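For reference, the structure discussed in these notes is given below.
Every number here is computed from the coordinates shown, using simple stated rules; none is lab data. Bear in mind the structure is a predicted one, so any value in this text is a computation, not a measurement. Heads up, the Cβs are rebuilt from the backbone with ideal geometry, glycines too, and the neighbour counts pull from every protein chain shown.
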Amino acid sequence: MTTPPILHRQNAKRSKKLQDGTVLSWTTMSHPLEGFGNRPRTVGLIELEDGSRTLGQLLGTPMIGQRVRPRMVLSSVNVEGLRTYDVAYEALVTVPSAIERKEFPGYILALTGPSGVGKTTVSRMLVKMFGHVESVPILTTRERRDGDDGEYKYVSKEKFTEFLKKGEIIAFAHLPSSTEERWYGYRKEDIQKIWKRGNLPVVITEMHLLRGIAEHYGRRSILSFGLLPPGKSKRAMLSALLHRLRLRGRETEEHLKDRLANAAKDLEFFRERADLFDRILVNDDLQTVVETVRQHVPGLAK
């Protein structure tokens, strides 16, 4: 039976675990306990900042002595569909100061969200405000449209396939469309050129691209912000997106239907893969979103 004292102790214990810490040891459980899913889990002994120790799930590939920080992740789902969340730990992102103009060892700023949420606008503002932030162009097979403003590199499907075979594309996505074949991706070369200039690459991604970048460079190499439209329900958020897309005036009605269908999947992705995001922000005020990103990006907060 769950009583107020029990709930109080559980909350106090959880709050205590919400500290940065250091990995002392770890192991991978090939057969997790009943009710915790079928996938293997990595569990570590962590020394917290106050000197206490705790056992916790580790995200990514851990190392002894590694500094980690807590985040809430989905722990289990019972037969009734009730979701349980718990504290897990991921490696702290450590990067050189952008002011030093040295090559970054694989650090990327990612802005993820459905079409119309404001990813491109936030990215452009960061690039304009900070000379060392640089946008990574998106490789695409889709046709050029009115309103495109330098964020894409247009190639044929054959050329895109050639890049894939050569291993030059580190993340790609095929977005369903009723009107055209659309492939998107990021080239390794474009990101590495930005690092060599001592700049911070910022990518505008959707769920498949974000997952691909994380798999290629490792989750620790990405400082990831998810952008959501305003609204208290999924329907309200999709309505807000539709309104913004229509104001933008770049899409046909067929394209809008495709965008909304993909956006609905993106919103589910935020819930299912919360581990891929450092922060999730509701973009109901552009200046607030940009300021929040600035405060949490090393080298920009100054």
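Observations on the structure shown:
- Greater than 27 Å apart at Cα, pairs in Lys234/Lys257; Lys188/Lys234; Lys128/Lys159; Lys119/Lys257; Lys166/Lys193; Lys128/Lys257: Lys188/Lys234; Lys128/Lys159; Lys128/Lys257
- Residues whose amide H falls under 5 Å from that of Thr205, counting only those 5 or more places apart or on a different chain, are Leu111, Thr112, Gly113, with hydrogens built in the peptide plane.
- Label sites at Glu215 and Glu143, each approximated as a point 7 angstrom past Cα along Cα to Cβ, lie 3.1 nm apart.
- Placing unit charges on the Cβ atoms of the charged side chains and taking the dipole of segment 98-296 about its Cα centre, the candidate lying farthest along the positive direction among Leu209, Gln192, Phe270 is Gln192.
- Likely footprinting exposure, Tyr154, Tyr89, Tyr217, fewest C-beta neighbours within 10 Å first: Tyr154, Tyr217, Tyr89
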